[in-house]
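S.K.: Take a look at this one; I'll ask things after.
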Amino acid sequence: MRVKKKKNETLGITWIMTAVYWVVGLLCMFWGKLDHILVYDLKDTNNGYVLALLIILLLPLFFSILVSLKVKLALIICRPLVAVIYLLVVIAAGMAYRLQDIIGYFFPIIVFVLMAILAIFYALVKTIRNKKNDKYYFIDDQNKIECNSFWEAYRQYYVMGLTEGIIESLLTMISN
């Protein structure tokens, strides 16, 4: 019973993330299209960037369909960090379309690298701060989990810091 509930939960999360990818991708597409209509002639746009964006958006759709058909796949793709990184890929493709240049792919990569570096220091501080009686603890909201080693606690803080940092930076980029 528990395995079936976990599979249904994974299926729901997979479809939700696919919808998020499509919404972000379509918003990027319309954002770029409006920019090209207002600033440039539409004939100056390169449709190769739109094609790349659509291919990037179709991949999670195919994955979601395969998960719905109960095809056994490596569910590493359903992890939050992988989902956030793929969201960066969708945004990169949208920025490349809007800018009509391959340089658009580099902006989210730079954000990811900066967040990865910041997450290293965040995880180090949080891990050292939550050491009590020679034991390390991972504290997430209300949960307090005892870890076997420094590296186990550090890894959990790193993944949490990286995921939350990327999401916050994306929200900041969108709101500005």
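The values are calculated or read from the model by the stated rules, or taken from the named source; none is laboratory data. Because the structure is predicted, anything quoted here is derived from the model rather than measured. Glycine gets a Cβ as well: all are built from the backbone with ideal geometry, and neighbour counts include every protein chain shown.
S.K.: Starting from residues that are assigned to a helix (DSSP H, G or I), of a type outside the set (V, I, T) and buried (at least 17 other Cβ atoms within 10 Å of the Cβ), keep the ones in segment 100-111 and report whichever is farthest from the chain's Cα centre (by Cα).
M.R.: Step by step, filter segment 100-111, then rank; the result is G104.
S.K.: Taking segment 112-157 only, how many residues are surrounded by 12 or more Cβ atoms within 10 Å (Cβ to Cβ) and within 30 Å of G48 (Cβ to Cβ)?
M.R.: Qualifying residue count for the region: 4.
S.K.: Take D41 and tell me if it is modelled with pLDDT under 75, exposed (fewer than 14 other Cβ atoms within 10 Å of the Cβ) and not hydroxyl-bearing (S, T, Y).
M.R.: The answer is yes for D41.
S.K.: Within segment 125-140, can one find any residue that is in contact (Cβ under 8 Å) with a residue 60 or more places away in the chain, in contact with a Phe, Trp or Tyr (Cβ under 7 Å, 6 or more places away or on another chain), of a type outside the set (A, V, I, L, M, F, W, C) and not in a helix (DSSP H, G or I)?
M.R.: no
S.K.: Determine, yes or no, whether L162 is within 20 Å of M17 (Cβ to Cβ) and modelled with pLDDT of 80 or more.
M.R.: yes
S.K.: Identify the single condition in (1) surrounded by fewer than 13 Cβ atoms within 10 Å (Cβ to Cβ); (2) touching a Pro at 6+ places or on another chain (Cβ under 8 Å) that S68 does not satisfy, given that it satisfies every other one.
M.R.: Against the list (1) surrounded by fewer than 13 Cβ atoms within 10 Å (Cβ to Cβ); (2) touching a Pro at 6+ places or on another chain (Cβ under 8 Å), S68 comes up short only on (2).
S.K.: Moving on. Determine which member of the set V89, V23 is at pLDDT 80 or above, in a helix (DSSP H, G or I) and surrounded by fewer than 15 Cβ atoms within 10 Å (Cβ to Cβ).
M.R.: V23
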